[in-house]
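Below is one structure, written out as structure tokens, with a few remarks after it.
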Amino acid sequence: MKKAAETQHAIHPSIKSRWSPRAFSNKQVEPEKLLAVLEAARWAASAMNEQPWRFIVATKDNPAEFEQALHCLNEGNQRWAKDAPVLIFTIIKKTFTRNDRPNRVALHDLGLAVANLTMQATELGLHAHQMGGIQFDKIREVYQIPEDYEVVTGIALGYYGNIEQLPEDLQEREKGPRLRKPLSELIFAGTWAKPASFVNNNP
Ligand SMILES: Cc1cc2nc3c(=O)[nH]c(=O)nc-3n(C[C@H](O)[C@H](O)[C@H](O)COP(=O)(O)O)c2cc1C
């Protein structure tokens, strides 16, 4: 199933075709593809080149580790993420290593890394579905995450499966339209909430 964005302006094909499916195939992700996806994350920009992102990865070829990760998701996400062959947790380091000061942009930099990851995944024919619905305290405990680090999201990664493998309610959501706010609600100039004229003139 494809759900390419209906864009108003031409964009990179991997941004256009990326979407967040729930019907994952249980086909394993080839190790070189998994490494390429993580390598893409590694090369994101970050403040002071701190690289505050960390990733915990569980693959289905290690069933015990996979089950451990799966049970750290919220139940709603476990319903479909159980079929994905790879689960990832994203974590930030909250302080700069060079001076121990709080890193105000660590979440931003993790977002850049995950954007790279999703782009690379799309390029390789894979899908990544990010999840805020995870059990933060449990993840900290299970993986013994130190104080200075914060768990942020989960990601299910893999190939697309078949929509019919999903429970009916999730099939409906899978088929739902992909919607975005118009640029005019997002891009301002001069003062807050005043749409930039170049946006207004080119809806
Ligand atoms: C940080 C973050 C958290 C999300 N949490 C969940 C989640 O817990 N469960 C879920 O099914 N989808 C989750 N999503 C997926 C979003 O619902 C999805 O990205 C959004 O609806 C846009 O759809 P698209 O990614 O297909 O363009 C999350 C996405 C992001 C970026």
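Quick notes on this one:
- Charge context of Arg101, other residues only, Cβ under 14 angstrom, K/R +1, D/E -1: +1
- Built amide H within the under 5 Å cut-off of Val152, gap 5+: Thr90, Ile91, Ile92
- Just so you know, the Rg over Rh for the chain is 1.00, from Cα atoms, with Rh as the Kirkwood radius.
- Solvent-accessible area, 1.4 Å probe, carbon plus sulfur percent, for the stretch 13-161: 52 percent
- Exposure ranking of Asp83, Asp61 by accessible area [1.4 Å probe, largest first]: Asp61, Asp83
- Candidates Glu67, Glu174, Glu30: whichever shows maximal mean-square fluctuation once the chain is modelled as a Gaussian network with Cα springs under 10 Å: Glu30
- Taking all protein chains together and rolling a 1.4 Å probe, Ser184 ends up with roughly 40 Å² accessible.
- Within straight-line cross-link reach of Lys60, aspartates and glutamates at Cα separation under 16 Å, skipping those fewer than 8 residues along the same chain: Glu30, Glu32, Asp83
- The solvent-accessible area of Val114, taken with every protein chain present and a 1.4 Å probe, is close to 10 Å².
- Ranking of Glu164, Glu172 by solvent-accessible surface, largest first: Glu164, Glu172 (1.4 Å probe, protein heavy atoms only, all chains present).
- Distance violations [Cα-Cα > 29 Å] among Lys3/Lys33; Lys82/Lys138; Lys16/Lys82; Lys2/Lys93; Lys3/Lys94: Lys2/Lys93; Lys3/Lys94
The values are calculated or read from the model by the stated rules, or taken from the named source; none is laboratory data. As the structure is a computational prediction, the values presented were derived from the model and not from experiment. As a convention, Cβ positions derive from the backbone with ideal geometry for all residues, glycine included, and neighbour counts pool all protein chains shown. For accessibility, only protein heavy atoms count, side chains too; no ligands or nucleic acids. Shrake-Rupley method; radii C 1.70, N 1.55, O 1.52, S 1.80 Å.
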